[in-house]
1. List the number of the failed condition for residue 96; all other conditions in (1) closer than 15 Å to residue 118 by Cβ; (2) at pLDDT 95 or above hold.
2. Please go through the stretch 3-39 and give me each residue that is under 17 Å from residue 117 (Cβ atoms), buried (at least 19 other Cβ atoms within 10 Å of the Cβ) and either in contact with a helix residue (DSSP H, G or I) (Cβ under 7 Å, 6 or more places away or on another chain) or free of Cβ contacts under 8 Å to residues at least 12 places away in the same chain (or both), ordered by number.
3. Could we say that residue 104 is modelled with pLDDT of 95 or more, surrounded by fewer than 18 Cβ atoms within 10 Å (Cβ to Cβ) and either farther than 24 Å from residue 180 by Cβ or within 17 Å of the chain's Cα centre (by Cα) (or both) here?
4. Among the listed residues 235, 175, which satisfies the condition of being surrounded by fewer than 21 Cβ atoms within 10 Å (Cβ to Cβ), touching a residue at least 24 places away in the same chain (Cβ under 8 Å) and not assigned by TED's automatic domain parsing to the domain that holds residue 59?
5. List pairs: first residue in the stretch 238-259 and part of a strand (DSSP E or B), second residue at pLDDT below 95 anywhere in the structure, Cβ distance under 6 angstrom, at least six positions apart or on different chains.
6. Within the stretch 115-129, count every residue that is assigned to a loop (DSSP other than H, G, I, E, B) and more than 13 Å from residue 68 (Cα to Cα).
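The values are calculated or read from the model by the stated rules, or taken from the named source; none is laboratory data. Small disclaimer: the values here were computed from a predicted structure and weren't measured. Quick reminder, even Gly has a Cβ in these numbers, built from the backbone with ideal geometry, and neighbours come from all protein chains shown.
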């Protein structure tokens with residue numbers, strides 16, 4: 001599933017491509033493209049102008065010149081693509097947003113939502129305290145200017161669960177998924193099954209620093225792509241997978257100490273770590 005660096009890469013691409021554009025037509029080509037909690041059919045935003053593109057954690061939303069937002073979650077394989085209107089439709093095209101004729105040198109293009117596995121969704125949502133209601137339950141991510149590391153450390157340090165489980169809690173700190181949890185724990189030299197409550201404040205601060213460092217580097221490299229299911233709006237893949245130290249590196253030598261990376265089952269998914277550098 002795309003995590004914060006991948007979603008932020010998509011957000012930046014959208015910001016560069018569709019700001020100020022006016023939506024002339026919306027076509028929904030698959031019923032599962034629309035979240036059942038959508039305030040109205042997606043076609044209702046036809047005629048609206050795009051004012052901004054924002055993100056919190058793994059959620060995107062497009063601000064309009066209207067009291068509602070277009071919210072998006074990419075799920076496992078959702079993609080936004082900027083395409084010429086006359087280009088061939090993608091096999092898994094789920095929704096299309098056409099724009100009025102381009103001005104000020106903008107290329108004539110349309111926005112497409114493509115989703116092979118149909119776990120992603122789009123929705124119209126009203127705002128709640130400046131954030132779409134469908135996103136209001138999601139915690140701030142580490143790059144948000146209002147992110148409070150002291151609050152996160154205090155809350156995380158009280159949890160009687162494994163530290164990796166706490167890292168994946170989107171209501172505590174959003175944007176971290178399986179890939180960047182493994183990478184951050186490796187960098188901070190903390191075992192994924194270590195109880196959060198048994199870690200010191202300095203351990204947790206070191207871990208947050210690792211989260212920020214790992215995801216900042218991933219952003220520079222356009223995110224992590226293992227296949228064609230994650231691409232940016234121009235159809236390009238990220239290359240952070242070349243920099244991975246733990247995730248997906250089972251049996252390869254740890255770059256710090258040479259010990260083979262191990263993989264264990266964790267909460268229905270895989271967890272990767274160095275048994276020498278990340279002692280329990």
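1. The number of the failed condition is (1).
2. So the first thing to find is which residues in the stretch 3-39 are under 17 Å from residue 117 (Cβ atoms), and the list is 3, 6-7, 10, 29-35.
Checking which are buried (at least 19 other Cβ atoms within 10 Å of the Cβ) leaves us with 3, 6-7, 10, 33-34.
The answer is 3, 34.
3. Judged against the criteria, residue 104 is not a match.
4. Working: 175 fails: surrounded by fewer than 21 Cβ atoms within 10 Å (Cβ to Cβ).
Selected residue: 235, the only one of 235, 175 that is surrounded by fewer than 21 Cβ atoms within 10 Å (Cβ to Cβ), touching a residue at least 24 places away in the same chain (Cβ under 8 Å) and not assigned by TED's automatic domain parsing to the domain that holds residue 59.
5. Correct list of pairs: empty, since none qualify.
6. Here is the first cut: in the stretch 115-129, the residues assigned to a loop (DSSP other than H, G, I, E, B) are 116-120, 129.
Pick out the ones that are also more than 13 Å from residue 68 (Cα to Cα) and you get 116-120.
So the count comes out to 5.
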